[in-house]
Amino acid sequence: MTISSPLGTQIPQAAGYAYGQKMAGAPAVTICYFGEGAASEGDFHAGLNMAAVLKCPTIFFCRNNGYAISTPSQEQFVGDGIAARGVGYGVPTIRVDGNDVLAVYAATQTARKLALAENTPVLIEAMTYRLAAHSTSDDPSGYRSKDEEVKWQLKDPLLRFARYLDSKGWFDEKEMDAYLDKSREDILAALKRAEKVPVNPLKDIIEDVYDTPPWHLKKQLSELESHIAKYPQDYPKTAGR
Ligand SMILES: Cc1ncc(C[n+]2csc(CCOP(=O)(O)OP(=O)(O)O)c2C)c(N)n1
């Protein structure tokens, strides 16, 4: 599906996608992910209710990490998290420890089986914590304490899983370090490659929505083209500018 910046748009889209697949007879389940902040959008309620009424095999996976940028969940809602809303819409709901990798895997598998067997949506609420900043322009020190962060650092899902593997004798620190180094190199190389990708043609801005682009969009495009001809530095040539 397309990725878009407005919160929550993927939720009704997922319900609709699953409905389409069900009508086509495909033995498929659609999953969509969102935060507890996105669950405050009207799209969450429309999507869940539509999926429940139309019996769409959709997994709605909510990652409740306690914050919507700087807004803590206590200031977002008074009810018992997001899970209670699933129950309200008649949607089978699982609340899971989101920092337990194996529990999340098991919950998702169970949800998938149920969605497929009964043509039903399932809501999963994974309880977790956003350890890092929301984005590079966010500074969590302005709205939460270091103590709070430290408490959650101990429950970091990766560390926890590493400790679990270690307890089984399956963890090799050297192998892990080598893997992390290699991953870092691969990501940097991928980033460099991606930065060289040419940007899409300008006309893509107005195409792909209407069969024939309407006059006002054509006019805006031609204004934009004149602007770029005058100020070429305003328009990047590659994804990396
Ligand atoms: C409709 C809409 N309103 C506001 C924003 C600005 N915004 C971007 S991310 C965000 C917080 C989202 O919180 P959550 O869904 O919990 O995601 P997380 O913080 O875990 O990334 C907000 C308010 C937006 N992108 N779209």
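Which aspartates and glutamates have a Cα less than 15 Å from the Cα of Lys22, not counting those fewer than 8 places away in the same chain?
Glu118
Just to confirm the filter: which trypsin sites (Lys or Arg not before Pro) across the stretch 1-101 are DSSP coil and have at most 16 other Cβ within 10 angstrom of their Cβ?
Those satisfying the criteria are Lys55.
Taking the solvent-accessible surface of protein heavy atoms with a 1.4 Å probe, what is the per residue accessible area of the stretch 171-233 in Å²?
90 Å²
Among DSSP bridges having both ends in the chain, what percentage is antiparallel? Round to the nearest 5.
15 percent
With helices defined as uninterrupted DSSP H runs, which ones in the chain have an alpha carbon span along their own long axis of at least 20 Å and mean Kyte-Doolittle hydropathy of at least -0.5? Write out the running numbers ahead of the final one.
Values: long enough: 101-118 (26 Å, 0.69); 173-195 (33 Å, -0.97); 215-230 (23 Å, -0.84).
Those that clear 20 Å and a mean of -0.5 are 101-118.
Work out which chymotrypsin sites (Phe, Trp or Tyr not before Pro) in the chain are exposed loop sites (DSSP not H, G, I, E or B, at most 15 other Cβ within 10 Å) and give the longest gap free of them. Present the calculation step by step, with values, prior to reporting the outcome.
On the way: sites that count: Phe77, Tyr143, Trp170, Phe171, Tyr210.
The answer is 1-76.
Take the residue pairs Lys182/Lys203; Lys113/Lys151; Lys203/Lys230; Lys55/Lys203 and return only those whose Cα atoms are more than 29 Å apart.
On the way: Lys182/Lys203 39 Å; Lys113/Lys151 35 Å; Lys203/Lys230 17 Å; Lys55/Lys203 39 Å.
The pairs that break the limit, which is 29 Å between Cα atoms, are Lys182/Lys203; Lys113/Lys151; Lys55/Lys203.
May I ask you to give the percent of accessible area on the chain that is carbon plus sulfur, with a probe radius of 1.4 Å?
Carbon and sulfur together cover 58 percent of it.
May I ask you to list the aspartates and glutamates whose Cα is less than 13 Å away from that of Lys237, ignoring any residue fewer than eight positions away on the same chain?
Glu195
Taking a ≥ b ≥ c as the square roots of the eigenvalues of the Cα gyration tensor of the stretch 113-187, is the shape rounded (a/c under 1.5), prolate (a/b larger than b/c) or oblate?
oblate
Using a ≥ b ≥ c from the Cα gyration tensor of the chain (square roots of the eigenvalues), is it rounded, prolate or oblate, where a/c under 1.5 gives rounded and otherwise the larger of a/b and b/c decides, a/b for prolate?
Oblate.
The values are calculated or read from the model by the stated rules, or taken from the named source; none is laboratory data. Model, not experiment: these values are computed from the prediction. Backbone-built Cβ (ideal geometry, glycine too); neighbour counts: all protein chains shown. SASA here: full protein model, heavy atoms, side chains in, ligands and nucleic acids out. Shrake-Rupley method; radii C 1.70, N 1.55, O 1.52, S 1.80 Å.
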